[in-house]
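Here the structure is laid out as structure tokens; the discussion comes afterwards.
The values are calculated or read from the model by the stated rules, or taken from the named source; none is laboratory data. Since this is a predicted model, take the numbers as computed values, not measurements. A quick note on method: Cβ atoms are made from the backbone with ideal geometry, for glycine too, and the neighbour counts reach across all protein chains shown.
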Ligand SMILES: Nc1ncnc2c1ncn2[C@@H]1O[C@H](COP(=O)(O)OP(=O)(O)OP(=O)(O)O)[C@@H](O)[C@H]1O
């Protein structure tokens, strides 16, 4: 009998699925044992799976194309650069009002640094708190009757996360889009975000610093407001300073300056030994007047154009803190300073004067310069118009030491008492006895009597309090011994030089 012809030895396609020919019988039995699926359908499924990715790519491309057209004709959008303060305002609003209520499940975790926390816990690496930053690329929400989309590129978020000082809010370019042919709803949305941020920020000062590449300003820390009363120095000078800044920030002053063609700016110099509160006072002023703080570490500035760039990007109405301003030398003093091994900034004196006087500086900023070495400053830098008020922050006076003691041990509403815990006191299971404010005041006077006038820095005294925080009585009793020990220590040369300046500070002012 003639056999059917098989081209190229190929078998008939019906025979291909004949279980008796290829031993597929076992597989078929297996399939049938747990599924109704016929093995002959497998080919179609495999073919479909092969087509699916291409189909998905097609749908995506079509979607993107459609989205581009929708954007072009039906969507308004505003892009906010990562370094702008509005960026942080919008990011905070989106986090609080959209992302958190959605109970997002995707986070980036990193060890929290530079935050106030439980000091004891911070000593153990494994106990350091973890910061969880919600991970989102774009989010949709309704606001005041309009549909909004806020998106941020994932790449810039990843880059921000590698910055150890990043606190997880803002700092990446944001694009806000809304359906409609007008950007007005977006502008009103941004106003809402700013009001929201203002309300939130009333308890915090935001400190901006250059990112690690020196390319843009980044929020470095959000510090709880430090009350100005917690920075101890001459009360009269403190009141003068507060009044001066208040008057300067008054909108009428800005109008008056402008109408008389005067540059609207004000400069302050805080000078004194290390640890006397120059940085603390600057942060406290930020809180007092609701201003953000832009920190420039002068010795780290690479060159004049970097400094100029920094100043151009600083918004109006903020504090610009130029720390360690003595690192800027004029050409004539360069050789002697270098021989002394002093730190030198990459920017020059003329570069600094240019940014202080430049167009960008006339926008209501408060410029604060700090130095430990006022004698090194060029007279051109501290002339009126660049520095309008000089504030000496020196070693602590008896009066300030007394105030500091009262602040440290004033009984608080949480039931904490400034007395040592009495061991085995069964009548008082919590071991605390109340010490009223009058008793604290009396101890403060005894304490201050033991402190020599203008000898220790406030930070040294703070160090002492850190050892005796549990008990006002113990602190008052231990101070004489501490003073003796500290006095016996070798006095640092630099301190002597600065202390001598104190004597001629009246001339300096
Ligand atoms: N006048 C002060 N009143 C209260 N606390 C102070 C004062 N001066 C310093 N301290 C405390 O000492 C620490 C260091 O203060 P701060 O950094 O402000 O000093 P500084 O003068 O800026 O020092 P440096 O010149 O080294 O930068 C802070 O924790 C601060 O609380």
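Please work out if residue 429 is farther than 29 Å from residue 482 by Cβ, at pLDDT 70 or above, more than 16 Å from the ligand (Cβ to nearest atom) and surrounded by fewer than 16 Cβ atoms within 10 Å (Cβ to Cβ).
Here the answer is no, as residue 429 does not meet what is asked.
Filter the helices (runs of 4 or more DSSP H) completely within segment 175-278 down to those with at least 1 residues that are touching a helix residue (DSSP H, G or I) at 6+ places or on another chain (Cβ under 9 Å) and farther than 24 Å from residue 387 by Cα.
Of the helices (runs of 4 or more DSSP H) lying wholly inside segment 175-278, those with at least 1 residues that are touching a helix residue (DSSP H, G or I) at 6+ places or on another chain (Cβ under 9 Å) and farther than 24 Å from residue 387 by Cα span 184-201.
Test residue 212 against the stated conditions and say whether it is away from the ligand (no atom under 15 Å from the Cβ), surrounded by fewer than 16 Cβ atoms within 10 Å (Cβ to Cβ), at pLDDT below 95 and outside the structural domain of residue 312 (by TED's automatic domain parsing).
When the stated conditions are applied, residue 212 passes them.
Report yes if residue 302 is out of contact with any helix residue (DSSP H, G or I) (no Cβ under 8 Å at 6 or more places or on another chain), assigned to a strand (DSSP E or B) and either in contact (Cβ under 8 Å) with a residue 12 or more places away in the chain or not assigned by TED's automatic domain parsing to the domain that holds residue 363 (or both), otherwise no.
Here the answer is no, as residue 302 does not meet what is asked.
Among the residues of segment 125-140, is there at least one that is more than 26 Å from residue 181 (Cβ to Cβ), at pLDDT 70 or above and assigned to a helix (DSSP H, G or I)?
no
From the residues in segment 275-298 that are out of contact with any strand residue (DSSP E or B) (no Cβ under 7 Å at 6 or more places or on another chain), more than 11 Å from the ligand (Cβ to nearest atom) and modelled with pLDDT of 90 or more, which one is farthest from residue 455 (Cα to Cα)?
Filtering first and then ranking leaves 289.
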